[in-house]
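Heads up, the thing below is written out as structure tokens.
Throughout, read-outs are computed from the coordinates displayed, never taken from laboratory work. Just so it is clear, the model here is predicted, and its values are computed rather than measured. Here the Cβ positions follow ideal geometry from the backbone for every residue, glycine too, while neighbour counts run over all protein chains shown.
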Amino acid sequence: MGLELKYDEGQTPLDKEEKEDLKIKSITTQEELDEFEQLNIEKAVESTIHANLRAEKILTEKFIKDLHKKMYGDVWKWAGEFRKSEKNIGITWTRIGIELKNLLDDTKYWIENNTYSPDEIAIRFKHRLVSIHCFPNGNGRHSRMMADIIMESIFDKEVFTWHRSNMVKADKTRKEYINTLKEADNGNIKPLVEFAKN
């Protein structure tokens, strides 16, 4: 029996090859997968939050890949590697490196020029990062952690609360989160900023 996954709105289905890269073969259900991923993510949070990293280190492709590997490396062989398949959301996979570089350059510019408030810079970065959809899975949680790292390390501010949810369960909070992402897709970033702070 293989891994049986059920996908809620806003989640990215894994293809057959990606599913086969599960490191813990005893996992067969979505609940077990969520549990193992959450344990791995908590280890990544402990080693990354309060690490006092500089913008030059954070705003790099290497850091983005390394963070994803820290978050998912105990569970997935492809953790920290850009996806090589098309998904229901995100850009064409062959453009990931280029679009990520554009995002990193834009973010450095925003910071240097105080283009937006710290909250808005972190959330704009998070939104564009999840829109690129660098990895086969875990993009939402990864982009939220990146926003928190930007807030804490670059701006010396409190991390976002994200409604005290990891947004894995298909509940009212996740639905609200998906709606604020759709608003941001349409150019209105404010609801997503407010959601992150509450």
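Below are the figures for this structure:
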item	result
Rg/Rg_globular for the chain, with Rg_globular taken as 2.2 N^0.38 Å and Rg from C-alpha atoms	0.98
Low-density loop positions, GluC sites (Glu not before Pro), the stretch 150-198 - DSSP coil, at most 15 other Cβ in 10 Å	Glu158
Cβ-derived FRET efficiency at R0 41 Å, Glu4 paired with His50, nearest 0.05	0.65
Pairwise FRET efficiency - Asn113 versus Gln38, Cβ, R0 = 30 Å, nearest 0.05	0.20
Point-to-point label distance, Ala170-Lys197, nm (Cα→Cβ direction, 7 Å offset)	3.2 nm
Angle between the chain longest axis and helix 96-112 axis [Cα atoms, degrees, rounded to 10]	30 degrees
Residue-averaged 222 nm ellipticity for the chain, from DSSP H runs of 4+ at -39500 (n - 2.57), nearest 500	-16500 deg cm²/dmol
Label-point separation in nm, Thr60 to Lys25, each point 7 Å along Cα→Cβ	3.7 nm
Backbone N within the stretch 158-179 under 20 Å of label point (7 Å from Asp106 Cα along the Cβ vector)	178-179
